[in-house]
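What follows is a set of notes on a single structure, which appears directly below.
The values are calculated or read from the model by the stated rules, or taken from the named source; none is laboratory data. Predicted, not measured: the structure shown is a model, and the values here were computed from it. With ideal geometry, Cβ positions are generated from the backbone for all residues, glycine too; neighbour counts draw on all protein chains shown. Only protein heavy atoms, including side chains, enter the accessible area calculation; ligands, DNA and RNA are left aside. Shrake-Rupley method; radii C 1.70, N 1.55, O 1.52, S 1.80 Å.
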Amino acid sequence: MNDGLISTVLRRGFLSLVALFIAAPLVVVIGVSFNQTRRMSFPPTELSLKWYKAFFTDAGWMKSLETSLTISLLAALIAVTIALPIAYAVWRYNSKAAKGLAGVGSGLFLLPGVVTALMFSAFWGMVGHVGRIENVILSHSVILLGVPVAMLSVGFQSIEKALIEAAHTMGAGDAEAFRMVVRPAMTPYILCALVYVFVLSLNEYLIAYMVAGFSVQTLPIRVFTALRSGYEPTMCVGAVIFILLGFAAFSLLAAIGDLPKLMGRNRPLEA
Amino acid sequence: MTDLAAPLKADDTEPRNPDQMVLAGLLSLPTLFLVILCLVPLFLLVQLSFAHREDGGLWRAGLELTQYRQLLNPQFLRVALFSFTLALTTALISVILAFPVAYFISRMKRRAQITWLVGLLSTLSLSEVLIVFSFQVLLSGSGGLVKVLVALGVMESAHSLYPNFAAVMVCLVYLVLPYIILFLYPAMSQLDDDMPAAAATMGASPLRAFLTVVAPMVKGPLLSAGLLVVIFTVGSYLTPLVLGRPQQWTVGILISNGAMTTGNLPLAAAQAVALVSLMVGLLGLVRLLTKAGSPAS
């Protein structure tokens, strides 16, 4: 039994250390954001909300936040709209063409960010459409396409084909079966895919920076430029907002969908 | 509409296959989208790498190897070698760390699992910009870590813990760790608990059972996870730029500098093509080796 105790202690200790490692930089940034002074010091000597006030009253930061949210929302909508027919065609018709498209999408996602960024900056340059917000939206939706395709495929596979056959034997046509069985089963997966692409696009900076330069300042680009020029306490506030946005989005995802299953667990789990 | 039309043209102008038509309708928009926004830009990138460079950041379409020849200089080769070494080291460390974490998480109760998953997903989604910035704060002379180390007597006086190789390394591991834990999670949750349990009843300690029974069962996913880390980090840019010295610069930094600062787009494109080719080559090599090693799988 002693052996079991030791391994429990070791396991807990190890997991706590990993959790600490994951939390450390975030805790430090959150702490620094409440600092009274301009200096980047942790732990904060005196707590204050003044940088939050400065952030939310600064037109530049607010504009960046708005730009970021617009880009991510639209990129998520476009990526999921394109991914849906691909994933559906793979599942329903076992289509080779659809599999090819899915492959192109996931291959693109795996290319290094600098490479895709360069590729898109050359592309938009050639089209003669430089420094526009649409460039970022479209580039993000293509780059991230592999993510919703994979998530929606998991969703389609979870639908029991027997259920659809049952709907057919009861006299339902394709469209009706779709409405009765496929749509309700897919809704949580679609929402999850939207949230996922939204969050990834929200945080992407290199492509955004290289296709639109400084004319479309998303929040990460602002932090990125500030990072290279020097420290500003409001940067911490921007970081905290992003940490909170991501956390809220994924908590929502855990609430609407079966997160362990979505992440690929295919065995039932005790409560 | 299809219900009415179907019996009418059943005999003469029968559509070859109704599924084919639906499929074409479904896939036309995605195909158009991917051709314009993926294949055309990819083609452009390759074309650019063979282009002729002109003054003032301009270039003219061509078919010359000037840029590729430039890649053979020792400086670029050194940077490329460093990029791959960095990526492979990151892969090794992060897989060794992530493997037990994923295993333990998959054995937790549902609530605990969801808490870990939400935590991991939240950090995974955080922009590299913000994580690098957080590490800058954490490792700075006035950040929390230095104070703790000085208080513990590990460090003699407070000074910043970056830029150096270790800072780059730790930050890269941090960036990929959630990805790799989540990547290994499905494989871990499918593992049978009977085998380690059997090993335990036969007298093996939990650690021994883990290493001798569990680890060989997930060799494949571990290798794929490592490759994924290499793919993710070989093009890393911001982390080595901010947390490293010029000795720790990567191909990613060269590419972005070429495109944004020096304005030599053809050279940047050639470097990008070279980077991707090396990546693909490495993947092919690993596949070949694993195939040769285990003919059963």
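What the table below lists for this structure:
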{"quantity": "Chymotrypsin sites (Phe, Trp or Tyr not before Pro) restricted to the stretch B:189-240 and DSSP loop, no more than 12 other C-beta within 10 Å", "calculated": "none"}
{"quantity": "Per residue accessible area of the stretch B:118-240, 1.4 Å probe, in Å²", "calculated": "37"}
{"quantity": "Cα-based shape type of the stretch A:44-120, given that a ≥ b ≥ c are square roots of the gyration tensor eigenvalues and the cut on a/c is 1.5", "calculated": "prolate"}
{"quantity": "Average partner coverage of A:233-242, which counts Cβ from other chains inside 10 Å", "calculated": "3"}
{"quantity": "Debye log10 I(q)/I(0) for the stretch B:96-175, one point scatterer per Cα, at q = 0.10, 0.21, 0.22, 0.26 Å⁻¹", "calculated": "-0.35, -0.98, -1.01, -1.13"}
{"quantity": "Residue-normalised accessible area of the stretch A:182-271, expressed per residue, 1.4 Å probe, Å²", "calculated": "36"}
{"quantity": "Compactness of the stretch A:163-268 - radius of gyration and Dmax, Cα, Å", "calculated": "20.8, 68"}
{"quantity": "Stokes-Einstein D for the stretch B:59-100, Kirkwood Rh over Cα pairs, 10 °C, 1.306 mPa s (µm²/s)", "calculated": "123"}
{"quantity": "Set of the stretch B:21-51 residues, backbone N closer than 17 Å to the point 7 Å along the Cα-Cβ line of B:L72", "calculated": "B:50"}
{"quantity": "Chain-alone versus full-assembly comparison, the stretch B:98-121, residues with accessible loss of at least 50 Å² (1.4 Å probe)", "calculated": "B:F104, B:R110, B:W116, B:V118, B:L121"}
{"quantity": "Relative pair counts by distance (%), Cα atoms of the stretch B:13-125, 10 Å bins", "calculated": "10, 16, 17, 22, 23, 10, 1"}
{"quantity": "For the stretch B:125-252: Kirkwood Rh in Å [reciprocal of mean 1/r, alpha carbons]", "calculated": "17.4"}
{"quantity": "Among B:T115, A:F178, A:Y93 the positive-end extreme of the charge dipole of the protein assembly as shown (Cβ point charges)", "calculated": "B:T115"}
{"quantity": "Relative contact order, percent, chain B [alpha-carbon distance under 8 Å, six or more residues apart]", "calculated": "27"}
{"quantity": "Solvent-accessible area buried by pairing B with A, both sides, nearest 100 square angstrom, 1.4 angstrom probe", "calculated": "7700"}
{"quantity": "Chymotrypsin sites (Phe, Trp or Tyr not before Pro) within the stretch A:128-229, DSSP loop, no more than 14 other Cβ atoms inside 10 Å", "calculated": "A:F214"}
{"quantity": "Mean Kyte hydropathy of 1.0 or more with a Cα span along the axis of at least 18 Å, helices from DSSP in chain B", "calculated": "B:18-34, B:74-106, B:165-190, B:219-234, B:265-293"}
{"quantity": "Shielded residues, the stretch B:254-283 - accessible-area loss of 50 Å² or more between chain alone and all protein chains, probe 1.4 Å", "calculated": "B:M260"}
{"quantity": "Solvent-accessible area, 1.4 Å probe, carbon plus sulfur percent, for the stretch A:51-101", "calculated": "69"}
{"quantity": "Cα pair count fraction exceeding 45 Å, expressed as % - the protein assembly as shown", "calculated": "20"}
{"quantity": "Computed FRET value (nearest 0.05) for B:A198 with B:R111, which takes r as the C-beta separation and R₀ as 25 Å", "calculated": "0.30"}
{"quantity": "Computed [θ] at 222 nm, deg cm²/dmol, chain B (DSSP H ≥ 4; -39,500 (n - 2.57); rounded to nearest 500)", "calculated": "-22500 deg cm²/dmol"}
{"quantity": "Heavy-atom accessible surface of chain B: percent carbon and sulfur, 1.4 Å", "calculated": "68"}
{"quantity": "0 to 90° range, to nearest 10: angle between helix A:133-143 axis and chain A longest Cα axis", "calculated": "50"}
{"quantity": "FRET efficiency, B:L58 to A:L73 (Cβ-Cβ, R0 56 Å, nearest 0.05)", "calculated": "0.95"}
